[in-house]
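In what follows, a single structure is set out as structure tokens and then discussed.
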Amino acid sequence: MVTVFIVTIECVTLQYRCNGETPRHPSCFGARVVLASSASVYGKPESLPSDEAHPTTPVSPDDVSKLAGEQYARVYSEVYGLPTVSLRSVTVYGPRMRPNMAISNFVSRCLNDEPPVIYGDGNQTRDFTYIDDVVDVNRKLLTEDAADGELINVGSTDTIDIETLAEVIRDELAPELELEYTDAREADAEHTHADIS
């Protein structure tokens, strides 16, 4: 993710050099960066819902790279005037979602007559965001400057506990299956819920 951002920035910088002129404001080239970050940069939240000022304590290398990307965006915005906005999306789901996410995992297991497996006691909560909502925000901010230089949470206003999510999916697809429980994953946040006000 950081690599993609750096390549984008280098292309803008190269465009300056290729013109043989003194670097000008990036907006002269129509450059605009909407960075796809993640609310996972908050790590294990200290308070909920987490607003954009919440401390960032990422718990995985991937989360650290997202935070680094946000810092690149901030620096290029402040130093070079490049219009940037970083979007911290929360638990995105929808077509072609990651197979290791709770929703896809529960669906896949139920469709294969395997019980849904819950990591931990199932009381963990998540704020799920549909992919089309994330796409809409990205498209809007590619053409509007209302949030330039900002960090913005992209989420929903609702949360659901993992056990209820597993029950709903199981009841729809394979009501005869029992839920299974296993040890919680150490790096998983107990709860996620972004403040989107």
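Values quoted throughout were computed directly from the atomic coordinates according to the rules given, and no laboratory measurement underlies them. All figures in this text were calculated on a predicted structure; none of them were measured in a lab. So basically every Cβ, Gly included, is an ideal-geometry build from the backbone, and we count neighbours across all protein chains shown.
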Using a basic spin-label model with each label point 7 Å from the Cα along Cα→Cβ, how many nm lie between ASP183 and ASN100? 1.7
Between the modelled labels at VAL64 and ARG139 (7 Å from Cα along Cα→Cβ) the distance in nm is 3.7
Looks like segment 149-197, by Cα gyration tensor root eigenvalues a ≥ b ≥ c and the a/c under 1.5 rounded cutoff (else prolate when a/b is bigger than b/c, oblate otherwise), is oblate
Potential lengthening between ASN112 and ASP171 on full extension [0.36 nm per residue; Cα-Cα distance subtracted]: 19.8 nm
Env charge @ ALA174, Cβ radius under 9 Å, K,R +1 / D,E -1, value -3
Using the number of other C-beta atoms within 10 angstrom as an exposure proxy, rank VAL85, VAL75, VAL92 with the fewest first. VAL75, VAL92, VAL85
As an exercise, use a Förster radius of 22 Å and the Cβ-Cβ distance of TYR119 and ASP51 to find the FRET efficiency, rounded to the nearest 0.05. 0.25
